[in-house]
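A.B. asks: Questions regarding the structure given below will be posed in turn.
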Amino acid sequence: MFSFFHKRHNCFCAFCKTPRRIYRKKNISFMNLIASALASVVLMFAIWQQYDPRVMIVFVVCLAISEVFVKIRWRLSVVCRQCGFDPVLYLKQPEAAAQKVKEQLEARKQDPKYLLAKPLNLPAIPAEKAKALQDKGKGRLVSRSI
Ligand SMILES: [Zn+2]
């Protein structure tokens, strides 16, 4: 009911459980449509100083730009800033997602800014289970806290 004020939704990272916010909006809304229409009218007068049918092309381009903008913003907000976990990539290519998390955790270790930061609450895998997983050859583990 307060959807207008709560575009940014509180959630937790699926991997490190850090509370964070992601944009709920994945596609353009009616407001973006109005904004695109206004922008194209303004552009029309700026370019041709009068009504011009080419305004329709400008309008479509404006819509496309706002759609791409909203998509990119949502896509970027989905990735965890702390551990680099990307749920969208994980669904498509779990290995690529694991690689990204590994790189992010590696970068975190090098970055002095994170020296005093609270350690991430990474999923813990008991030693035996980790060994069993590695014996099975199901790929290397990204993190092992125990
Ligand atoms: Zn995370």
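A.B. asks: Output yes when any residue across the range 65-86 is over 22 Å from Q104 (Cα atoms), among the acidic types (D, E), touching a residue at least 24 places away in the same chain (Cβ under 8 Å) and not assigned by TED's automatic domain parsing to the domain that holds A124, and no when none is.
C.D. replies: Yes; the residues of the range 65-86 include at least one that is over 22 Å from Q104 (Cα atoms), among the acidic types (D, E), touching a residue at least 24 places away in the same chain (Cβ under 8 Å) and not assigned by TED's automatic domain parsing to the domain that holds A124.
A.B. asks: Here is a follow-up. Exactly one of these conditions fails for R144: (1) at pLDDT below 90; (2) within 15 Å of the ligand (Cβ to nearest atom); (3) open to solvent by 70 Å² or more (accessible area, probe 1.4 Å). Give me its number.
C.D. replies: (2)
Residues are listed down the side, and each one gets a yes or a no for (1) in a helix (DSSP H, G or I); (2) of a type in the set (S, T, N, Q); (3) more than 15 Å from the ligand (Cβ to nearest atom); (4) farther than 25 Å from L122 by Cα:
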| site | (1), (2), (3), (4) |
| --- | --- |
| I28 | no, no, yes, yes |
| I47 | yes, no, yes, yes |
| V60 | yes, no, yes, yes |
| R73 | yes, no, yes, yes |
| Y90 | yes, no, no, no |
| K100 | yes, no, no, no |
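A.B. asks: Same structure, new question: Please find, among Y51, Y23, the residue that is under 30 Å from A124 (Cα atoms) and away from the ligand (no atom under 16 Å from the Cβ).
C.D. replies: Of the residues listed, the single one that is under 30 Å from A124 (Cα atoms) and away from the ligand (no atom under 16 Å from the Cβ) is Y23.
A.B. asks: Report, ordered by the first and then the second residue, all pairs with beta carbons closer than 9 Å, sequence separation of six or more or different chains, a first member in the range 21-32 that is touching a residue at least 12 places away in the same chain (Cβ under 8 Å), and a second member that is surrounded by fewer than 15 Cβ atoms within 10 Å (Cβ to Cβ) and of a type in the set (A, V, I, L, M).
C.D. replies: Final answer for the pair search is Y23/L76.
A.B. asks: Could you grab me the full set of residues in the range 75-88 that are within 11 Å of the ligand (Cβ to nearest atom) and polar (S, T, N, Q)?
C.D. replies: Within the range 75-88, Q82 is the sole residue that qualifies.
The values are calculated or read from the model by the stated rules, or taken from the named source; none is laboratory data. Note that the coordinates shown come from a computational prediction; the quantities given were computed from them, not determined experimentally. No Cβ is skipped: glycine too gets one built from the backbone with ideal geometry, and neighbour counts run over all protein chains shown. Just the protein is used for accessible areas: all its heavy atoms, side chains included, with ligands, DNA and RNA removed. Shrake-Rupley method; radii C 1.70, N 1.55, O 1.52, S 1.80 Å.
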